[in-house]
Amino acid sequence: MNGRTHPLEVIAAWLLALLWLAPLAYAFWSALHPAAFATSFSLSAPWTLENFARAWNQAPFGRYYFNTVVLVVLILIGQLVLSTLAAYAFARFKFKGSGIAFALVLLQLMIMPDVLIVENYRMIGTLGLLDTIPAIALPYLASAFGIFLLRQTFKSVPQELVEAARVEGAGPLEILWRVYVPLARPTYVAFGLVSVSYHWNNFLWPLIVTNSVEARPLTVGLAVFGAPETGVDWSIITAATVMTMAPLLFAFLLFQRQFVQSFMRAGIR
């Protein structure tokens, strides 16, 4: 333990960690044991993977996974392209009204997406995209958070590198691709993780604009699968929940250090 850390802070941190882990631990316990042991914690309880097999067979989770992967990839590509170009313009080019334009971008950070649901629904309906994956993705293709994060990163790139690229005959887009983008790689990873985790777990907007298995993502599919009127066993529901969150949990454990370090660097700029 660090000598400067107060014991109460350590105790509070452990309590918060245990509070956060309790539902997760119960979900794993219930998913990996027969239904009879879902609320009976016994070290002699048998382990089983049957709950996962039954959950997979009782709902089109394969289709839900496909829809979710297509959705998060589509949103991530759109956000990376648009955020990179916008951040590059704000960080390195002087133009009239740039301060006002950037203030409007920051203003978007203060507006909850749920406030715009009605207007977004009208626009998606006008475009004839209801009950499609693009209907879920379209309102999120431009990210104010991504623009802000990348702008802060681009502003820290040494001007000498830019001048050297210009001397070699590189144009603005070539400088962006060869100088700025490689140096901002940790920020891209951090932003990518945040974007993927948010849109993987997004529920309300996909619930409103989708009405069929062909467009439904995992979160909505899991909600339909676990609805009380379906009468599905609790252990099977927790197994489906573990299947839904497993890719994100694995990604976070894999990139945890880079994720935290990138946000610390971006936060102090």
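The values are calculated or read from the model by the stated rules, or taken from the named source; none is laboratory data. Computed from a prediction, not measured in an experiment: that's the story for all the values here. Glycine also receives a Cβ, built like all others from the backbone with ideal geometry; neighbour counts cover every protein chain displayed. Areas reflect the complete protein model, heavy atoms only, side chains present, ligands, DNA and RNA absent. Shrake-Rupley method; radii C 1.70, N 1.55, O 1.52, S 1.80 Å.
Give the stretch 46-59 a look and list any residue that's over 22 Å from residue 249 (Cβ atoms) and either part of a loop (DSSP other than H, G, I, E, B) or touching a His at 6+ places or on another chain (Cβ under 6 Å) (or both), or say none.
The one that is over 22 Å from residue 249 (Cβ atoms) and either part of a loop (DSSP other than H, G, I, E, B) or touching a His at 6+ places or on another chain (Cβ under 6 Å) (or both): 46.
So which of 84, 48 is β-branched (Val, Ile, Thr), within 28 Å of residue 134 (Cβ to Cβ), open to solvent by less than 60 Å² (accessible area, probe 1.4 Å) and touching a Leu at 6+ places or on another chain (Cβ under 9 Å)?
It is 84.
What is the residue count in the stretch 140-188 for residues that are in contact (Cβ under 8 Å) with a residue 60 or more places away in the chain, under 14 Å from residue 81 (Cβ atoms) and among the hydrophobic types (A, V, I, L, M, F, W, C)?
Adding up the residues that qualify gives 6.
When the residues of the stretch 189-207 are narrowed to those that are aromatic (Phe, Trp, Tyr) and open to solvent by 40 Å² or more (accessible area, probe 1.4 Å), which ends up modelled with the lowest pLDDT?
Among them, the one singled out is 198.
Among (1) in contact (Cβ under 8 Å) with a residue 40 or more places away in the chain; (2) part of a loop (DSSP other than H, G, I, E, B), where does residue 197 come up short?
Only one criterion is unmet by residue 197, namely (2).
Scanning for something touching a Lys or Arg at 6+ places or on another chain (Cβ under 6 Å), closer than 17 Å to residue 142 by Cα and of a type in the set (A, V, I, L, M, F, W, C), does the stretch 122-129 turn up at least one residue?
no
So, residue 173, is that one modelled with pLDDT of 90 or more and surrounded by 14 or more Cβ atoms within 10 Å (Cβ to Cβ) or not?
no
Condition test on residue 89, is it open to solvent by 50 Å² or more (accessible area, probe 1.4 Å), free of Cβ contacts under 8 Å to residues at least 60 places away in the same chain and within 26 Å of residue 154 (Cβ to Cβ)?
No; evaluated as a whole, the condition is false for this residue.
Mind listing whichever residues of the stretch 1-45 are assigned to a loop (DSSP other than H, G, I, E, B), aliphatic (A, V, I, L, M) and open to solvent by less than 50 Å² (accessible area, probe 1.4 Å)?
Residues satisfying the conditions are 32, 38, 45.
Being open to solvent by less than 40 Å² (accessible area, probe 1.4 Å) and part of a helix (DSSP H, G or I) narrows it down to one of 215, 246, 240, 223, so name that one.
Sole residue among the options that is open to solvent by less than 40 Å² (accessible area, probe 1.4 Å) and part of a helix (DSSP H, G or I): 240.
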